[in-house]
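Below is one structure; the comments refer to it alone.
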Amino acid sequence: MSTLEQYALLLGLTVGIVGFVLSLYALARAVGKTRKEAGKDVPASSGQLSRDPVWVRYHARYYGYALLFLAFDMEMAYMYPWAVVYKEVGLVALLDMGVFLAILFLGLLYGWSQGALRRQ
């Protein structure tokens, strides 16, 4: 398959996916007519009206938790493909993963030193 054929296939898939999404959107708009009701725009939680404002700010300490979660989530995302190719590549793959884990461990130590793991 030539490069031009590959790009044509990619363009065809892209057009097909966009067309499929737009057709699903049009079908949802046609079948599910919306009705204006006074209670729909009121913020509620579990059937009760919310006493707090809708746009609340979260404390800054939660960002540390989020960053640590993302770091270890990315670790798992990279370790699965690494485990697949480890037998083929060998020691180089082991050293690469060691460097990657060392960098993540430094991030964990930094978060620990800043108090991101303290329960408050």
Pairs only if they're at least six apart or on different chains, beta carbon under 7 angstrom, first in the range 94-120 and touching a residue at least 40 places away in the same chain (Cβ under 8 Å) and surrounded by 11 or more Cβ atoms within 10 Å (Cβ to Cβ), second not in a helix (DSSP H, G or I) and not polar (S, T, N, Q); list them, first residue then second.
-> Gly111/Leu117
Select from the range 1-36 the residues that are surrounded by fewer than 10 Cβ atoms within 10 Å (Cβ to Cβ) and either assigned to a helix (DSSP H, G or I) or of a type in the set (Phe, Trp, Tyr) (or both) and list them in ascending order.
-> Thr3, Leu4, Glu5, Ala28, Ala30, Val31
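Looking for whichever is modelled with pLDDT under 85 and under 17 Å from the mean Cα position of the chain (by Cα) here; the options are Ala60, Ala71, Ala116. Which one fits? Even if it seems obvious, please write down each step before you answer.
Working: Ala60 fails: under 17 Å from the mean Cα position of the chain (by Cα); Ala116 fails: under 17 Å from the mean Cα position of the chain (by Cα).
One residue alone meets the criteria, Ala71.
The values are calculated or read from the model by the stated rules, or taken from the named source; none is laboratory data. Note that this is a predicted model, so its numbers are computed, not measured. Quick reminder, even Gly has a Cβ in these numbers, built from the backbone with ideal geometry, and neighbours come from all protein chains shown.
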